[in-house]
Each structure stands twice: as C-alpha cells, then as structure tokens.
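Novice: Dumping the structure here so I can ask a few things about it.
The values are calculated or read from the model by the stated rules, or taken from the named source; none is laboratory data. Given the structure is predicted, the values throughout are model-derived calculations rather than measurements. We place every Cβ from the backbone using ideal geometry, glycine too, and count neighbours over all the protein chains shown.
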Amino acid sequence: MKNVLSIVRPLLRVLPPGSRRFLLTYGVLTAALALLDLVALGLVATMLQTVLGDGEVSLPLIGDLTTTAGKVTALVTVCGVIVLKGVFAVALLRVATRRFASHEVAIGDRLFAAYLASPWADRLSKNTSELVRTVDVGVGVTVAGVLIPTMTLFGEVGTMLAVVVAIVVFDPLIAAVTIVYLALVALLLAGIVSPRAVAAGRENRNWSQRTVRVLSEALGALKEVTLAGRTPDVQARVHETRGHSSRARAEANFLGQVPRYVLETALIIGFALIAGVGYLTGGPEGAVAAIGMFGIAGFRLVPSLTRMQTVQSTVNSNAAYARQVVADIDGSEALLERRAAERPQHELTVEHPDIVLDGVTFTYPGAETPALDRVSLRIPAGAHVAFVGSSGAGKSTMVDILLGLLEPTGGHLEVGGERLELVLDSWRRRIGYVPQDVSLFDATVAENVALTWEREKVDDDKVRRALRRAQLLDTVEVREGGIDARIGERGLAFSGGQRQRLGIARGLYNDPRVLVMDEATSALDTTTEAAVTRAIRDLHGEVTVITVAHRLATIRDSDIVFFLRDGRLVAQGSFAEVVAQVPDFAEQAALAGLS
Ligand SMILES: Nc1ncnc2c1ncn2[C@@H]1O[C@H](COP(=O)(O)OP(=O)(O)OP(=O)(O)O)[C@@H](O)[C@H]1O
C-alpha cells in the first residue's frame, strides 16, 4: 500500500488543476457505494428470513415491523435502494472513465510539451522511438494501469472498514485475531510478491522499448537490410527482445494471480486457527460462533483483500512507466523553469542582425574533445557565407549553434549586439532552415511547405512564391491537385531532389531574415542546383544565407568562406583567398575543377 502511494503521489502532481478534488470525491463516493452495498445486502438477508415467517423485524431508525405489508414494503424499499445504487454506480463510472481519459490526454500533452521544449542537447540523448512509446503507451499505462486501479482501492477500503467494525462490535478478541492473521498474510504477499512484480514491470518496459527501437531502426533501413540479406538478423533481434518482454509480462501476470490462491488457502487455515481460539475462550459454542464470524468476515474480506493485492500487483508492474513519465515531466519542466529564470527573453530590435561568435567552444555531453574549439567570426547581415571542411570538422555543430539549438559550452554568440540566449525566440522566428534530409508528413504540399497541420493557416501565395524560388512550382502544378495534392507517407511520392526542393520552399516560406542551408542541395542535379542557387543569390543583401556544402561549386560565389578543421576555424575569406591559404582546400577545389 505504501508502495502504491509512493507511485501515485508524484503522479497527482502532474495532473491538471482540480484533479485531486475529483479523485478524492470519486474515492469517497466509491467507498460510500461499497458501504451502502454491504448494509443493503445485510438488511435484505436479515429481512428475508423473517418476511416469510411470523417473526418481528427490528430495524435501526425505523423500529419494529410487525405486519407482513410493512415488512414487504421495507424489503421492496431496500431492493429499490440497491437498484438506485447500481444506477448511481454506472453513472459514476461513466463520469470517471471520461475524466480519466482527459487525465491521460493532459499528462501526455504535458510530457510532450516538456520534451519539445527541452534543450536540443538533451533531445539528442533520447531515442526517438522510445520517446514516441513513452508519450503514447507509457502515458496510457500510467493512467489505465496505475491511476485507475489505485482509485478502486477506496471501495475496497470502505468494505474492509465496515466488516472490521462489524466484527469488532460482535467479538473484539476474535476480531483482533482475525485482523492480525489476515494482516500477516497480506504482509507476506506484499513482501514476496510485490518486489518481484515491480522488477517484472521494469523488465517489461525496458525490453518493450528495446523492441520498438530495433523495429524502427530496421524499418528505417529496410532497403539496405533487405538487399544485404539481413532480414533474418533483424527477425532474430526482434524475437530475442520480444521474448524477454513477453516473459516479463507473463511473470507479472503470474504474480498478479498468486495472491488469490494464497488468500483462499489462508482462509481455510484461518478457520482452524479461529476455531481453536474460539474453543479456548468459549468452548464448543464459542468455536462455532467464531467460525461463523470468521466465515462471514472472511468471505467479505478475502475478495476485498484479493482485489487489493491485484491492484497492488498491477500498479507495481506498471510503476516503471509511471515513474518514467513523472521523472521526464519533472526533469524537463524544472530545467525549463531554471532557464526561463536565468534568461528572461526579450525581442530582437535589429531587423537584419549581424552574427558574431566570440571564442565559441562546444563539447557534446560525454565527448572528450570539443566539436568546435574557440571559434571567433563575424557574419555581416545580408551576406552569403559558407562553412566548409572535411567530414567531422564541426560544420553541422556550427549550424546548430547558429540556430540556437545547441548552446556554446564556452565563449558566446551575439546577434544584433544581443546575447543569443536572451533573444532566442525572436531569433528563431527570423530563421529559415533547410536540412539535408527533409522530413515530409502525410498532408498536402501546401501544408508541408507552410509546416502546419491546419489548412486555414496556409497562405497560398506565399506557398507558390516559395515553391517558385525552390524551382518546384511547375512540377507541383502539373500534378493533379496542385499545391493541395496530398503527399504520401514520409513523402514517398517525391524523388530525393524534389523533397529537397520542397524543404527549400519550406525554409523560404516565412520570408526569413537568415536562411541556413545544411547540404540542402546535395541531391539536386547540376542544372536544378544552379537554378536554385541563382534564386537564392537574388536574396543577397536582404537575407543572410549560411550554407554548408561539400560540393564546392555551390559555395564558390559566397562572400565569405569559413574553413573548419577539427573544430577550429583555420581560414576565412573569399573562395580564392581560402584556396590560397589552405592547401587541402586548394586540392579539393582543383579536383572540382574550380581553380
Ligand atoms: N550528438 C553527438 N554526440 C557526440 N559527438 C558528436 C555528436 N554529433 C557530432 N559529434 C562529433 O562532433 C564532431 C563534429 O561533427 P559535425 O557533425 O559537426 O561535423 P561535420 O563537419 O558536419 O561533418 P559531416 O560533413 O560529415 O556532416 C565530430 O567529431 C562528431 O563525431
């Protein structure tokens, strides 16, 4: 029980306002219903015996019932109360299930919002498929497997209290022995079964997450996997991980059933024990009375105890999910609060800001050497600049620093004379970003360009202008549906080059002041790339363009080329100046026929 509370208490913190009051009311009403049920059944049993015979019925508050009509009326009234109780219980269930569903949505929203707002470096450390599973399945299990079962405990506690009070009034000694005995059995179960159920639940969650990761990684590389004949390896991995999670689930299931049998056995042993105590204190008559009382108490208490144990096992085996959900929400929200307090945001006043890096260093968490090492440079507003260097030189890291996704671990970055971390929100609104791999979603071309899931938010003119600049408008308009045609799952209806152009259109849609292109034209044929580059060049003076490209023809006309090697800025200047300064770059330029 303590364990259940330790799992549920932190969960209450992440529920929407007003939920605690609802849960308390729900719990009290459930307990009251259980009590009413017990009292009504007791009354029916007492009355049935006498209604049919001549005996008198004496009821609390109502008094003696002597006539048959009076007795029948009372019996019908009690039956009516039972029916009303049933109706009320169904209504309560309806309200509660809806409310629990809204709790599930609220927790999921909060968790997802916390993930989305968490720093980029933190997000890099999280596996996407695990994240998806926690936000969806994890939240579902937290509500259906922890919160709801816990709430049913109120009803059980109500029943148990009623029974305990009744037997204490009847015979305190026998009641004490009964309670101590049943409590010992419950403690035994809690000590042996619960820890194993918690371990099985943790095991299940870990292996389920691993299965999802293996599946999504293998499906992501399905073509290569199939061609390399590695599908049996994938099958074997999935078989192994699912084997572990299935075994853990079976163990949790088994442990959930055990208490019922233990309690049933304990009931039989209890009869002998209580009969002995009854005999010692009251002789044969005492033994019979004790057995009768233990029987009545046991048959009411044992199902309640069994259900409580089942709830405990269910909650324990799902605890790993609930703890993870709460820890993820708490961790991300605490960090966000700290950051908001440390860095109150304000608006960037300069419309076309210069970008200045002063000794910027960045080391990835856990890495030994910095990916960027004391880089100082200036990107004037409206200039077209390029970052070049061999693979692993730090170009993509530089892009993430400029986008404000990664925060320098040393030095600082200023835009328009302001520290980037203090104007991050307004900086990001000025940026258009085009990655190498463009992710498209299952919606229309227009929605993909505008990056919105709501059609009414799309500005068709802006979509067309962006597509035209990206050299994709003609291709889109000859297709049926034009900009309103749907793109299939993961953009499969588009070729690699078309997807990249759609990505460029997306980057241009909001008329950015700064356009960051990370290998954004690598999949285009030379003619299309030249046309896209010309369109981008037309933005000169209006938009700062920052390009990362291995294909040197793409960046040849840049105002400034920054050459990175092992995270250090080794040279900067026009293309020709960098060729003159850096022999490796001169060699690459020569190979590309550019010098
Ligand atoms: N998430 C990460 N965690 C740890 N180290 C990383 C991470 N991402 C990149 N690195 C390391 O940082 C260094 C710079 O990587 P970066 O991706 O910035 O290089 P790049 O110049 O863009 O390379 P490429 O041209 O191959 O894309 C590399 O040594 C890389 O191994």
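Novice: Keeping to segment 380-428, report how many residues are of a type in the set (Ser, Thr, Tyr), at pLDDT 90 or above and in contact with a helix residue (DSSP H, G or I) (Cβ under 9 Å, 6 or more places away or on another chain).
Specialist: Number satisfying all stated conditions: 0.
Novice: Moving on. Looking at ARG506, is it away from the ligand (no atom under 16 Å from the Cβ) and touching a strand residue (DSSP E or B) at 6+ places or on another chain (Cβ under 9 Å)?
Specialist: Considered against the rule, which asks whether it is away from the ligand (no atom under 16 Å from the Cβ) and touching a strand residue (DSSP E or B) at 6+ places or on another chain (Cβ under 9 Å), ARG506 comes out as yes.
Novice: Does segment 304-319 contain any residue that is of a type in the set (Gly, Ala, Ser), out of contact with any strand residue (DSSP E or B) (no Cβ under 8 Å at 6 or more places or on another chain), closer than 17 Å to LEU182 by Cα and in contact (Cβ under 8 Å) with a residue 12 or more places away in the chain?
Specialist: yes
Novice: Which members of segment 527-577 meet the condition of being crowded, with 19+ Cβ neighbours inside 10 Å, of a type outside the set (S, T, N, Q), within 14 Å of MET517 (Cβ to Cβ) and within 16 Å of the ligand (Cβ to nearest atom)?
Specialist: Within segment 527-577, ILE546, VAL548, ALA549, ILE555 meet the criteria.
Novice: Go through (1) touching a residue at least 60 places away in the same chain (Cβ under 8 Å); (2) exposed (fewer than 14 other Cβ atoms within 10 Å of the Cβ); (3) β-branched (Val, Ile, Thr) for VAL478 and report which single condition fails.
Specialist: Status for VAL478: all satisfied but (1).
Novice: Does ARG430 fit the bill of being without any contact (Cβ under 8 Å) to a residue 40 or more places away in the chain, more than 16 Å from the ligand (Cβ to nearest atom) and not aliphatic (A, V, I, L, M)?
Specialist: Judged against the criteria, ARG430 is not a match.
Novice: A further question on this structure: Run down VAL169, VAL177 and say which single residue is crowded, with 16+ Cβ neighbours inside 10 Å and within 30 Å of GLU285 (Cβ to Cβ).
Specialist: From the options VAL169, VAL177, the qualifying one is VAL177.
Novice: Here is a list of conditions, (1) of a type in the set (Phe, Trp, Tyr); (2) within 16 Å of the ligand (Cβ to nearest atom); (3) buried (at least 18 other Cβ atoms within 10 Å of the Cβ), and PHE154 meets all of them except one; can you say which number that is?
Specialist: (2)
Novice: Checking the condition assigned by TED's automatic domain parsing to the domain that holds ALA144, of a type outside the set (D, E, K, R) and in contact with a helix residue (DSSP H, G or I) (Cβ under 7 Å, 6 or more places away or on another chain), which residue from ALA250, ALA272, ALA322, ALA334 passes?
Specialist: Just one listed residue meets the conditions, ALA322.
Novice: Kindly evaluate ALA530 against the criterion of being free of Cβ contacts under 8 Å to residues at least 40 places away in the same chain and farther than 18 Å from ARG430 by Cα.
Specialist: yes
Novice: Now a separate question. Quick one: how many residues across segment 268-289 are hydrophobic (A, V, I, L, M, F, W, C) and in contact with a Leu (Cβ under 9 Å, 6 or more places away or on another chain)?
Specialist: Counting residues in segment 268-289 that are hydrophobic (A, V, I, L, M, F, W, C) and in contact with a Leu (Cβ under 9 Å, 6 or more places away or on another chain) gives 2.
Novice: Still on this structure, please answer the following. Only one residue in ARG307, ARG323, ARG300 is basic (Lys, Arg) and under 22 Å from ARG110 (Cα atoms). Which one?
Specialist: Only one candidate passes the filter, namely ARG323.
Novice: Only one of these is hydrophobic (A, V, I, L, M, F, W, C), at pLDDT 85 or above and within 16 Å of the ligand (Cβ to nearest atom): VAL360, VAL356. Name it.
Specialist: Within the list VAL360, VAL356, the selection yields VAL360.
Novice: Now for a separate question. For segment 439-451, state whether one or more residues are in contact (Cβ under 8 Å) with a residue 24 or more places away in the chain, in contact with a Ser or Thr (Cβ under 8 Å, 6 or more places away or on another chain) and small (Gly, Ala, Ser).
Specialist: No, that holds for no residue.
Novice: Then there is this: Can you pull out every residue in segment 389-416 that is more than 9 Å from the ligand (Cβ to nearest atom), in contact (Cβ under 8 Å) with a residue 60 or more places away in the chain and aliphatic (A, V, I, L, M)?
Specialist: The answer is LEU402, LEU403, LEU405, LEU406, VAL415.
Novice: Oh, and also: Taking VAL277, is it β-branched (Val, Ile, Thr), crowded, with 16+ Cβ neighbours inside 10 Å, at pLDDT below 85 and within 37 Å of the chain's Cα centre (by Cα)?
Specialist: It is false that VAL277 is β-branched (Val, Ile, Thr), crowded, with 16+ Cβ neighbours inside 10 Å, at pLDDT below 85 and within 37 Å of the chain's Cα centre (by Cα).
Novice: What do you reckon, is SER439 outside any helix (DSSP H, G or I), within 16 Å of the ligand (Cβ to nearest atom) and at negative phi?
Specialist: no
Novice: Can we say ALA520 is under 42 Å from the mean Cα position of the chain (by Cα), within 14 Å of the ligand (Cβ to nearest atom) and not acidic (Asp, Glu)?
Specialist: Criteria met by ALA520.
Novice: Look through segment 363-388, keep the residues that are of a type in the set (S, T, N, Q) and within 16 Å of the ligand (Cβ to nearest atom), and return whichever of them is nearest to the chain's Cα centre (by Cα).
Specialist: Of everything passing the filter in segment 363-388, THR363 is nearest to the chain's Cα centre (by Cα).
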